[in-house]
Amino acid sequence: MTSRLIPVPPFVLTVFGATGDLSRRKLIPALFHRDADGQIPDEALIIGVSRRTMSDEEFRAFAHKALIDHIPAAELKEPEVERFLHRLSYVAADADADPGWAELAARVGAAGDMIPVYYLATAPHLFGPICERLGKYGLSEKGRVVIEKPIGKDLKSALALNEQVGRIFPEDRVYRIDHYLGKETVQNLMALRFANALFEPLWNNAHIDHVQITVAEALGVEERAGYYDTAGAMRDMVQNHILQLVCLVAMEPPSSLGADAVRDEKLKVLRALKPIGENNMAALTVRGQYRAGASAGGAVPGYLDELESGKSQTETFVAVKAEVENWRWAGVPFYLRTGKRLASRVSEIVIGFRPVPHSVFDESAGPVESNRLVIRLQPDEGVKLWLMIKDPGPGGIRLTHVPLDMSFAKAFKVRNPDAYERLILDVVRGNQTLFMRRDEVEAAWKWVDPILEAWRNSKEAPRPYTAGTWGPSSAIALIERDGRTWLEDGA
Ligand code: BG6
(Lines give C-alpha, C1' and ligand atoms only; values in the text may rest on other atoms or scores of the structure.)
Protein backbone atom coordinates (compact mmCIF):
# COMPACT_ATOMS: atom_id res chain seq x y z
CA MET A 1 0.00 0.00 0.00
CA THR A 2 1.43 3.40 -0.88
CA SER A 3 1.81 5.80 2.02
CA ARG A 4 -1.00 8.35 2.37
CA LEU A 5 0.66 10.08 5.30
CA ILE A 6 0.71 13.84 5.00
CA PRO A 7 4.29 15.07 5.58
CA VAL A 8 4.86 17.78 8.15
CA PRO A 9 7.27 20.72 7.96
CA PRO A 10 10.40 20.77 10.17
CA PHE A 11 9.63 21.71 13.78
CA VAL A 12 11.24 22.21 17.15
CA LEU A 13 8.97 20.83 19.85
CA THR A 14 9.58 21.82 23.46
CA VAL A 15 7.79 19.62 25.99
CA PHE A 16 7.36 21.19 29.43
CA GLY A 17 6.80 18.54 32.07
CA ALA A 18 8.95 16.22 29.94
CA THR A 19 9.61 13.78 32.78
CA GLY A 20 5.96 13.55 33.81
CA ASP A 21 3.34 10.92 33.25
CA LEU A 22 1.73 12.32 30.09
CA SER A 23 5.08 12.73 28.41
CA ARG A 24 6.24 9.23 29.34
CA ARG A 25 3.01 7.37 28.56
CA LYS A 26 1.73 9.29 25.58
CA LEU A 27 3.89 11.99 24.00
CA ILE A 28 7.23 10.20 23.69
CA PRO A 29 5.68 6.96 22.32
CA ALA A 30 3.45 8.96 19.92
CA LEU A 31 6.39 10.94 18.54
CA PHE A 32 8.40 7.77 18.14
CA HIS A 33 5.64 6.09 16.13
CA ARG A 34 5.34 9.05 13.77
CA ASP A 35 9.10 9.11 13.37
CA ALA A 36 9.29 5.38 12.72
CA ASP A 37 6.63 5.80 10.01
CA GLY A 38 8.88 8.35 8.34
CA GLN A 39 6.57 11.28 8.92
CA ILE A 40 8.93 13.44 10.93
CA PRO A 41 11.44 15.44 8.89
CA ASP A 42 15.15 14.76 9.47
CA GLU A 43 15.86 18.20 10.96
CA ALA A 44 13.04 18.12 13.58
CA LEU A 45 14.12 18.51 17.21
CA ILE A 46 12.48 17.67 20.52
CA ILE A 47 13.56 19.50 23.67
CA GLY A 48 12.49 18.19 27.06
CA VAL A 49 12.08 20.69 29.90
CA SER A 50 11.38 20.10 33.56
CA ARG A 51 12.75 21.23 36.89
CA ARG A 52 14.86 18.13 37.40
CA THR A 53 18.58 18.50 36.61
CA MET A 54 19.45 16.06 33.84
CA SER A 55 21.91 15.82 30.97
CA ASP A 56 20.83 15.26 27.36
CA GLU A 57 22.08 11.69 27.70
CA GLU A 58 20.06 11.08 30.85
CA PHE A 59 16.94 12.42 29.17
CA ARG A 60 17.52 10.13 26.20
CA ALA A 61 17.84 7.18 28.59
CA PHE A 62 14.58 8.27 30.26
CA ALA A 63 12.85 8.46 26.86
CA HIS A 64 14.28 5.10 25.83
CA LYS A 65 12.76 3.51 28.92
CA ALA A 66 9.42 5.17 28.12
CA LEU A 67 9.53 3.53 24.68
CA ILE A 68 10.39 0.12 26.13
CA ASP A 69 7.60 0.41 28.71
CA HIS A 70 4.91 1.48 26.29
CA ILE A 71 5.67 -0.01 22.89
CA PRO A 72 5.83 -3.73 22.05
CA ALA A 73 9.44 -4.88 21.58
CA ALA A 74 8.73 -6.00 17.99
CA GLU A 75 7.95 -2.39 17.02
CA LEU A 76 11.17 -0.99 18.50
CA LYS A 77 13.75 -1.43 15.74
CA GLU A 78 17.24 -0.28 16.64
CA PRO A 79 18.02 2.22 13.84
CA GLU A 80 14.66 3.91 14.34
CA VAL A 81 15.04 4.10 18.10
CA GLU A 82 18.53 5.58 17.64
CA ARG A 83 17.34 8.16 15.14
CA PHE A 84 14.48 9.19 17.43
CA LEU A 85 16.61 9.47 20.57
CA HIS A 86 19.10 11.54 18.66
CA ARG A 87 16.52 14.27 18.16
CA LEU A 88 16.11 14.70 21.91
CA SER A 89 17.85 17.15 24.18
CA TYR A 90 17.09 18.52 27.62
CA VAL A 91 17.02 21.82 29.49
CA ALA A 92 16.31 22.14 33.22
CA ALA A 93 14.06 25.14 33.86
CA ASP A 94 11.40 26.19 36.31
CA ALA A 95 8.21 27.97 35.24
CA ASP A 96 8.67 30.47 38.06
CA ALA A 97 12.37 31.30 37.81
CA ASP A 98 14.79 32.46 35.10
CA PRO A 99 17.62 29.89 35.21
CA GLY A 100 17.57 27.65 32.13
CA TRP A 101 15.34 29.91 30.03
CA ALA A 102 18.15 31.67 28.18
CA GLU A 103 19.56 28.25 27.31
CA LEU A 104 16.15 27.13 26.04
CA ALA A 105 15.81 30.32 23.99
CA ALA A 106 19.25 29.70 22.47
CA ARG A 107 18.35 26.14 21.48
CA VAL A 108 15.02 27.11 19.95
CA GLY A 109 16.71 30.07 18.25
CA ALA A 110 19.36 27.76 16.77
CA ALA A 111 16.58 25.83 15.07
CA GLY A 112 16.18 28.78 12.69
CA ASP A 113 12.98 28.71 10.66
CA MET A 114 11.64 25.49 12.07
CA ILE A 115 8.12 25.77 13.53
CA PRO A 116 8.34 26.25 17.31
CA VAL A 117 5.77 24.27 19.30
CA TYR A 118 5.46 24.39 23.10
CA TYR A 119 3.62 21.51 24.70
CA LEU A 120 2.59 22.28 28.26
CA ALA A 121 2.34 18.78 29.75
CA THR A 122 2.24 20.31 33.22
CA ALA A 123 -0.26 21.12 35.92
CA PRO A 124 -2.63 23.87 34.71
CA HIS A 125 -1.49 26.39 37.33
CA LEU A 126 1.81 26.51 35.44
CA PHE A 127 0.26 27.42 32.06
CA GLY A 128 0.20 31.14 32.86
CA PRO A 129 3.76 31.38 34.26
CA ILE A 130 5.21 29.30 31.40
CA CYS A 131 3.46 31.41 28.76
CA GLU A 132 4.72 34.57 30.43
CA ARG A 133 8.30 33.37 30.30
CA LEU A 134 7.90 32.21 26.72
CA GLY A 135 6.87 35.79 26.00
CA LYS A 136 9.66 37.32 28.04
CA TYR A 137 12.33 35.26 26.26
CA GLY A 138 10.98 36.07 22.81
CA LEU A 139 9.82 32.51 22.21
CA SER A 140 6.15 33.21 21.65
CA GLU A 141 6.39 35.27 18.48
CA LYS A 142 5.92 32.48 15.98
CA GLY A 143 5.31 29.70 18.47
CA ARG A 144 2.24 27.54 18.96
CA VAL A 145 1.20 26.45 22.42
CA VAL A 146 -0.53 23.20 23.33
CA ILE A 147 -2.47 22.86 26.57
CA GLU A 148 -4.30 19.94 28.08
CA LYS A 149 -7.40 19.60 30.18
CA PRO A 150 -8.41 20.36 32.87
CA ILE A 151 -8.91 23.86 31.49
CA GLY A 152 -10.27 25.28 34.70
CA LYS A 153 -12.57 23.72 37.24
CA ASP A 154 -15.50 25.99 36.39
CA LEU A 155 -16.31 28.84 34.03
CA LYS A 156 -14.59 31.46 36.15
CA SER A 157 -11.28 29.63 36.40
CA ALA A 158 -11.43 28.64 32.70
CA LEU A 159 -11.89 32.29 31.72
CA ALA A 160 -8.91 33.26 33.88
CA LEU A 161 -6.73 30.52 32.42
CA ASN A 162 -7.70 31.30 28.84
CA GLU A 163 -6.99 34.94 29.58
CA GLN A 164 -3.48 34.21 30.88
CA VAL A 165 -2.58 32.12 27.86
CA GLY A 166 -4.30 34.58 25.52
CA ARG A 167 -2.18 37.48 26.75
CA ILE A 168 0.83 35.85 25.10
CA PHE A 169 -0.56 33.64 22.33
CA PRO A 170 -3.34 34.64 19.92
CA GLU A 171 -6.18 32.13 19.67
CA ASP A 172 -5.04 30.87 16.25
CA ARG A 173 -1.84 29.61 17.89
CA VAL A 174 -3.47 28.01 20.96
CA TYR A 175 -4.15 24.27 20.69
CA ARG A 176 -6.41 22.90 23.46
CA ILE A 177 -6.20 19.14 23.34
CA ASP A 178 -9.15 16.90 23.95
CA HIS A 179 -7.60 13.58 23.06
CA TYR A 180 -11.03 12.08 22.29
CA LEU A 181 -11.13 14.23 19.17
CA GLY A 182 -7.99 12.49 17.92
CA LYS A 183 -9.36 8.99 18.34
CA GLU A 184 -9.70 7.05 15.11
CA THR A 185 -13.38 6.23 15.54
CA VAL A 186 -14.28 9.76 16.55
CA GLN A 187 -12.81 10.88 13.25
CA ASN A 188 -14.84 8.15 11.67
CA LEU A 189 -17.99 9.64 13.06
CA MET A 190 -17.36 12.61 10.79
CA ALA A 191 -16.60 10.33 7.85
CA LEU A 192 -19.72 8.33 8.52
CA ARG A 193 -21.95 11.38 8.74
CA PHE A 194 -20.48 13.49 5.98
CA ALA A 195 -19.01 11.03 3.46
CA ASN A 196 -22.22 9.00 3.15
CA ALA A 197 -25.46 10.31 1.75
CA LEU A 198 -27.35 7.55 3.54
CA PHE A 199 -27.53 8.95 7.07
CA GLU A 200 -28.06 12.67 6.73
CA PRO A 201 -31.75 12.52 5.68
CA LEU A 202 -32.45 10.39 8.76
CA TRP A 203 -30.27 12.36 11.17
CA ASN A 204 -33.00 14.26 13.00
CA ASN A 205 -35.89 13.98 15.41
CA ALA A 206 -38.25 12.62 12.76
CA HIS A 207 -36.20 9.43 12.53
CA ILE A 208 -33.96 9.23 15.57
CA ASP A 209 -35.61 8.16 18.80
CA HIS A 210 -32.69 8.78 21.13
CA VAL A 211 -28.89 8.81 21.40
CA GLN A 212 -26.77 7.07 24.03
CA ILE A 213 -23.15 7.84 24.75
CA THR A 214 -21.32 5.59 27.17
CA VAL A 215 -17.69 6.02 28.20
CA ALA A 216 -17.16 3.27 30.74
CA GLU A 217 -13.89 2.40 32.40
CA ALA A 218 -13.11 -0.75 34.36
CA LEU A 219 -10.19 0.85 36.18
CA GLY A 220 -10.57 2.84 39.37
CA VAL A 221 -8.77 6.08 40.18
CA GLU A 222 -5.72 4.39 41.73
CA GLU A 223 -2.68 6.68 41.97
CA ARG A 224 -4.62 9.63 40.45
CA ALA A 225 -6.93 9.83 43.47
CA GLY A 226 -5.40 13.15 44.58
CA TYR A 227 -6.29 14.93 41.35
CA TYR A 228 -9.49 13.02 40.72
CA ASP A 229 -11.00 13.85 44.06
CA THR A 230 -10.84 17.56 43.19
CA ALA A 231 -12.47 16.93 39.82
CA GLY A 232 -14.96 14.03 39.67
CA ALA A 233 -16.49 12.43 36.61
CA MET A 234 -18.42 15.52 35.51
CA ARG A 235 -15.30 17.68 35.19
CA ASP A 236 -12.95 14.87 34.19
CA MET A 237 -15.03 13.31 31.41
CA VAL A 238 -18.38 14.99 30.73
CA GLN A 239 -17.31 18.64 30.43
CA ASN A 240 -14.83 17.75 27.72
CA HIS A 241 -14.77 14.30 26.12
CA ILE A 242 -18.47 13.46 26.30
CA LEU A 243 -19.72 16.91 25.33
CA GLN A 244 -17.34 16.87 22.37
CA LEU A 245 -18.90 13.58 21.27
CA VAL A 246 -22.37 15.10 21.65
CA CYS A 247 -21.21 17.96 19.43
CA LEU A 248 -19.95 15.66 16.69
CA VAL A 249 -23.18 13.66 16.69
CA ALA A 250 -25.49 16.67 16.83
CA MET A 251 -23.76 19.41 14.84
CA GLU A 252 -25.05 20.66 11.52
CA PRO A 253 -22.89 19.69 8.54
CA PRO A 254 -20.07 22.25 8.44
CA SER A 255 -19.30 23.79 5.07
CA SER A 256 -15.80 22.27 5.20
CA LEU A 257 -13.48 20.62 7.68
CA GLY A 258 -11.81 23.99 8.24
CA ALA A 259 -11.12 24.63 11.92
CA ASP A 260 -13.63 27.42 12.37
CA ALA A 261 -16.28 25.85 10.16
CA VAL A 262 -16.33 22.77 12.41
CA ARG A 263 -15.89 24.62 15.68
CA ASP A 264 -18.65 27.13 14.89
CA GLU A 265 -21.07 24.23 14.46
CA LYS A 266 -19.93 22.50 17.64
CA LEU A 267 -20.34 25.71 19.58
CA LYS A 268 -23.95 26.02 18.42
CA VAL A 269 -24.67 22.57 19.88
CA LEU A 270 -23.12 23.45 23.23
CA ARG A 271 -25.15 26.63 23.36
CA ALA A 272 -28.33 24.74 22.52
CA LEU A 273 -28.02 22.25 25.40
CA LYS A 274 -31.06 22.44 27.64
CA PRO A 275 -30.00 24.00 30.94
CA ILE A 276 -29.97 21.70 33.96
CA GLY A 277 -29.98 23.20 37.45
CA GLU A 278 -31.74 23.12 40.81
CA ASN A 279 -35.23 22.60 39.34
CA ASN A 280 -34.55 19.61 37.07
CA MET A 281 -31.24 18.18 38.36
CA ALA A 282 -32.92 15.34 40.27
CA ALA A 283 -34.94 14.22 37.26
CA LEU A 284 -32.14 14.51 34.68
CA THR A 285 -28.91 13.54 36.43
CA VAL A 286 -27.52 10.74 38.58
CA ARG A 287 -24.14 10.76 40.27
CA GLY A 288 -22.56 7.74 41.86
CA GLN A 289 -19.50 6.61 43.76
CA TYR A 290 -18.07 3.09 43.69
CA ARG A 291 -17.84 0.83 46.68
CA ALA A 292 -15.61 -2.23 47.00
CA GLY A 293 -16.43 -4.95 44.51
CA ALA A 294 -14.81 -7.09 41.84
CA SER A 295 -13.05 -6.25 38.61
CA ALA A 296 -11.30 -8.58 36.16
CA GLY A 297 -11.95 -11.49 38.50
CA GLY A 298 -10.29 -9.91 41.55
CA ALA A 299 -11.50 -7.97 44.58
CA VAL A 300 -11.04 -4.19 44.30
CA PRO A 301 -11.35 -1.49 46.96
CA GLY A 302 -14.00 1.20 47.05
CA TYR A 303 -13.31 4.82 46.08
CA LEU A 304 -13.20 6.02 49.68
CA ASP A 305 -10.65 3.32 50.55
CA GLU A 306 -8.35 4.80 47.88
CA LEU A 307 -8.38 8.23 49.47
CA GLU A 308 -6.16 9.19 52.37
CA SER A 309 -9.01 11.05 54.05
CA GLY A 310 -11.46 8.17 53.54
CA LYS A 311 -14.19 10.78 53.00
CA SER A 312 -15.49 12.37 49.81
CA GLN A 313 -18.62 13.53 47.99
CA THR A 314 -16.86 13.35 44.61
CA GLU A 315 -18.72 11.43 41.93
CA THR A 316 -17.00 8.60 40.08
CA PHE A 317 -20.06 8.04 37.89
CA VAL A 318 -22.44 10.38 36.10
CA ALA A 319 -25.52 9.77 34.01
CA VAL A 320 -27.35 12.67 32.39
CA LYS A 321 -30.40 12.92 30.21
CA ALA A 322 -29.44 15.85 28.00
CA GLU A 323 -31.29 17.55 25.17
CA VAL A 324 -30.17 19.72 22.30
CA GLU A 325 -32.83 22.35 21.94
CA ASN A 326 -33.04 23.08 18.23
CA TRP A 327 -35.20 22.08 15.27
CA ARG A 328 -33.13 19.05 14.37
CA TRP A 329 -33.03 17.52 17.84
CA ALA A 330 -35.98 18.83 19.88
CA GLY A 331 -37.48 15.96 21.86
CA VAL A 332 -34.59 13.52 21.27
CA PRO A 333 -32.96 12.56 24.57
CA PHE A 334 -29.19 12.20 24.65
CA TYR A 335 -28.47 9.76 27.48
CA LEU A 336 -24.88 10.23 28.60
CA ARG A 337 -23.01 8.15 31.15
CA THR A 338 -19.48 7.64 32.28
CA GLY A 339 -17.82 6.10 35.26
CA LYS A 340 -14.84 4.42 36.82
CA ARG A 341 -14.89 0.79 37.96
CA LEU A 342 -17.78 -0.19 35.75
CA ALA A 343 -18.40 -3.69 34.44
CA SER A 344 -16.11 -3.32 31.44
CA ARG A 345 -14.12 -0.81 29.43
CA VAL A 346 -16.33 0.25 26.59
CA SER A 347 -16.95 3.56 24.87
CA GLU A 348 -19.65 3.78 22.31
CA ILE A 349 -22.26 5.95 20.73
CA VAL A 350 -25.62 4.39 19.96
CA ILE A 351 -28.01 6.10 17.59
CA GLY A 352 -31.42 4.54 18.21
CA PHE A 353 -33.82 4.99 15.29
CA ARG A 354 -37.57 5.20 15.62
CA PRO A 355 -39.66 2.04 15.23
CA VAL A 356 -41.38 1.25 11.93
CA PRO A 357 -44.69 3.14 11.77
CA HIS A 358 -46.74 0.01 11.23
CA SER A 359 -45.88 -3.69 11.29
CA VAL A 360 -47.14 -5.84 8.44
CA PHE A 361 -46.01 -9.03 10.21
CA ASP A 362 -48.20 -11.14 12.43
CA GLU A 363 -47.26 -12.10 15.98
CA SER A 364 -45.54 -15.33 15.00
CA ALA A 365 -42.84 -13.27 13.25
CA GLY A 366 -41.74 -11.88 16.60
CA PRO A 367 -41.23 -8.22 17.49
CA VAL A 368 -39.93 -5.72 14.95
CA GLU A 369 -37.02 -4.07 16.71
CA SER A 370 -35.77 -0.61 15.87
CA ASN A 371 -32.65 -0.04 13.82
CA ARG A 372 -29.55 1.07 15.65
CA LEU A 373 -26.25 2.47 14.56
CA VAL A 374 -23.48 1.72 17.06
CA ILE A 375 -20.18 3.51 16.78
CA ARG A 376 -17.65 1.75 18.96
CA LEU A 377 -14.77 3.95 20.09
CA GLN A 378 -12.95 1.37 22.16
CA PRO A 379 -12.02 -1.38 22.49
CA ASP A 380 -12.57 -3.19 19.13
CA GLU A 381 -13.19 0.01 17.18
CA GLY A 382 -15.88 -0.35 14.59
CA VAL A 383 -19.36 0.38 13.40
CA LYS A 384 -22.44 -1.83 13.60
CA LEU A 385 -25.74 -1.19 11.92
CA TRP A 386 -28.50 -3.30 13.46
CA LEU A 387 -31.19 -4.35 11.00
CA MET A 388 -34.19 -6.69 11.03
CA ILE A 389 -33.99 -9.61 8.65
CA LYS A 390 -35.86 -12.81 8.12
CA ASP A 391 -34.52 -15.78 10.00
CA PRO A 392 -33.38 -18.24 7.28
CA GLY A 393 -35.41 -21.34 6.64
CA PRO A 394 -38.93 -22.40 5.65
CA GLY A 395 -42.05 -22.16 7.75
CA GLY A 396 -43.21 -18.59 7.52
CA ILE A 397 -41.48 -15.40 8.46
CA ARG A 398 -39.62 -15.11 11.72
CA LEU A 399 -37.76 -11.88 12.19
CA THR A 400 -34.38 -11.46 13.76
CA HIS A 401 -32.18 -8.47 14.66
CA VAL A 402 -28.66 -8.74 13.22
CA PRO A 403 -25.75 -6.33 12.87
CA LEU A 404 -23.91 -5.32 9.73
CA ASP A 405 -20.63 -5.42 11.56
CA MET A 406 -17.51 -3.56 10.51
CA SER A 407 -14.58 -4.13 12.80
CA PHE A 408 -11.71 -1.79 11.88
CA ALA A 409 -9.10 -4.28 13.07
CA LYS A 410 -10.47 -6.98 10.77
CA ALA A 411 -11.14 -4.66 7.85
CA PHE A 412 -7.84 -2.79 7.83
CA LYS A 413 -5.28 -4.93 9.67
CA VAL A 414 -3.21 -1.93 10.66
CA ARG A 415 -2.09 -0.65 14.04
CA ASN A 416 -4.62 1.80 15.41
CA PRO A 417 -2.61 4.97 16.05
CA ASP A 418 -2.95 6.69 19.38
CA ALA A 419 -4.87 9.99 19.34
CA TYR A 420 -1.74 11.90 20.32
CA GLU A 421 0.08 10.83 17.16
CA ARG A 422 -2.44 12.64 15.03
CA LEU A 423 -2.91 15.61 17.34
CA ILE A 424 0.76 16.53 17.82
CA LEU A 425 1.37 16.55 14.10
CA ASP A 426 -1.80 18.56 13.49
CA VAL A 427 -0.27 21.26 15.68
CA VAL A 428 2.81 21.28 13.47
CA ARG A 429 0.62 21.42 10.37
CA GLY A 430 -1.24 24.35 11.90
CA ASN A 431 -4.58 22.53 11.69
CA GLN A 432 -6.85 23.46 14.62
CA THR A 433 -9.92 21.48 13.54
CA LEU A 434 -9.48 18.84 16.25
CA PHE A 435 -8.69 21.30 19.04
CA MET A 436 -11.15 23.08 21.28
CA ARG A 437 -11.59 26.77 20.72
CA ARG A 438 -11.76 29.02 23.72
CA ASP A 439 -15.48 29.73 23.37
CA GLU A 440 -16.28 26.01 23.17
CA VAL A 441 -14.56 25.31 26.47
CA GLU A 442 -16.34 28.21 28.07
CA ALA A 443 -19.75 27.20 26.67
CA ALA A 444 -19.23 23.67 28.03
CA TRP A 445 -18.53 25.09 31.50
CA LYS A 446 -21.63 27.28 31.25
CA TRP A 447 -23.74 24.13 30.93
CA VAL A 448 -21.82 22.13 33.54
CA ASP A 449 -21.53 24.76 36.29
CA PRO A 450 -25.22 24.88 37.30
CA ILE A 451 -25.32 21.06 37.52
CA LEU A 452 -22.29 21.04 39.80
CA GLU A 453 -23.83 23.78 41.86
CA ALA A 454 -27.14 21.98 42.18
CA TRP A 455 -25.30 18.86 43.33
CA ARG A 456 -23.33 20.87 45.86
CA ASN A 457 -26.48 22.37 47.27
CA SER A 458 -28.37 19.12 47.43
CA LYS A 459 -28.31 17.20 50.66
CA GLU A 460 -27.88 13.92 48.86
CA ALA A 461 -24.55 12.11 48.63
CA PRO A 462 -23.57 10.36 45.38
CA ARG A 463 -25.40 7.04 45.03
CA PRO A 464 -23.19 4.07 45.91
CA TYR A 465 -22.58 1.35 43.32
CA THR A 466 -20.59 -1.83 43.56
CA ALA A 467 -17.33 -1.83 41.61
CA GLY A 468 -17.70 -4.04 38.54
CA THR A 469 -21.37 -3.16 37.87
CA TRP A 470 -22.99 -0.63 35.51
CA GLY A 471 -23.40 2.07 38.13
CA PRO A 472 -26.16 2.95 40.58
CA SER A 473 -29.63 1.55 40.01
CA SER A 474 -30.98 5.09 39.70
CA ALA A 475 -28.95 5.43 36.46
CA ILE A 476 -30.86 2.47 35.08
CA ALA A 477 -34.11 4.04 36.26
CA LEU A 478 -33.14 7.32 34.51
CA ILE A 479 -33.50 5.68 31.10
CA GLU A 480 -36.04 2.97 31.92
CA ARG A 481 -38.54 5.58 33.07
CA ASP A 482 -38.65 6.61 29.42
CA GLY A 483 -39.23 3.03 28.25
CA ARG A 484 -35.68 2.66 26.95
CA THR A 485 -32.68 0.76 28.15
CA TRP A 486 -28.91 1.23 28.25
CA LEU A 487 -27.12 -0.78 25.61
CA GLU A 488 -23.69 -2.22 26.15
CA ASP A 489 -21.21 -4.04 23.98
CA GLY A 490 -22.89 -3.19 20.74
CA ALA A 491 -26.05 -5.06 21.68
C1 BG6 B 1 -8.70 11.37 30.67
C2 BG6 B 1 -9.27 11.34 32.06
O3 BG6 B 1 -8.91 12.62 30.08
O4 BG6 B 1 -9.30 10.37 29.88
C5 BG6 B 1 -9.09 9.98 32.68
O6 BG6 B 1 -8.64 12.32 32.85
C7 BG6 B 1 -9.64 8.89 31.80
O8 BG6 B 1 -9.70 9.90 33.97
C9 BG6 B 1 -9.10 9.05 30.37
O10 BG6 B 1 -9.25 7.64 32.32
C11 BG6 B 1 -9.78 8.10 29.42
O12 BG6 B 1 -9.11 8.13 28.19
P13 BG6 B 1 -9.12 6.87 27.23
O14 BG6 B 1 -8.42 7.35 26.00
O15 BG6 B 1 -8.41 5.77 27.95
O16 BG6 B 1 -10.56 6.54 27.01
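Annotations for the structure displayed:
- Residue check for V414: open to solvent by less than 60 Å² (accessible area, probe 1.4 Å) and of a type in the set (V, I, T): no
- Conditions (1) within 30 Å of G302 (Cβ to Cβ); (2) out of contact with any helix residue (DSSP H, G or I) (no Cβ under 7 Å at 6 or more places or on another chain); number of the one not met by A319: (2)
- Checklist (1) away from the ligand (no atom under 16 Å from the Cβ); (2) open to solvent by 20 Å² or more (accessible area, probe 1.4 Å); (3) not polar (S, T, N, Q) applied to I276, failing item: (2)
- The criterion of at least 3 residues that are open to solvent by 20 Å² or more (accessible area, probe 1.4 Å) and more than 16 Å from the ligand (Cβ to nearest atom) is met by the following strands (runs of 3 or more DSSP E) wholly inside segment 328-406: 382-390.
- Odd one out for L304, checked against (1) more than 16 Å from the ligand (Cβ to nearest atom); (2) surrounded by fewer than 15 Cβ atoms within 10 Å (Cβ to Cβ): (2)
- The number of residues in segment 201-224 being out of contact with any strand residue (DSSP E or B) (no Cβ under 9 Å at 6 or more places or on another chain) and either at pLDDT 95 or above or at positive phi (or both) comes to 5.
- Strands (runs of 3 or more DSSP E) contained in segment 242-320 and holding at least 1 residues under 25 Å from the mean Cα position of the chain (by Cα) and of a type in the set (S, T, N, Q): 285-291, 293-295
- Selected residue [buried (at least 20 other Cβ atoms within 10 Å of the Cβ), within 16 Å of the ligand (Cβ to nearest atom) and aliphatic (A, V, I, L, M)] from V318, V262: V318
- Condition check for T469: open to solvent by 30 Å² or more (accessible area, probe 1.4 Å) and modelled with pLDDT of 95 or more: yes
- Scanning segment 216-226 for residues that are in a helix (DSSP H, G or I) and more than 8 Å from the ligand (Cβ to nearest atom), we see that the one that is most open to solvent (accessible area, probe 1.4 Å) is E223.
The values are calculated or read from the model by the stated rules, or taken from the named source; none is laboratory data. Owing to the predicted nature of the structure, the values given are computational and were not obtained by experimental measurement. Note that we place each Cβ from the backbone using ideal geometry, even for glycine, and neighbour counts take in every protein chain shown. Note: accessible area is taken over every heavy atom of the protein model, side chains too, but ligands, DNA and RNA are not part of it. Shrake-Rupley method; radii C 1.70, N 1.55, O 1.52, S 1.80 Å.
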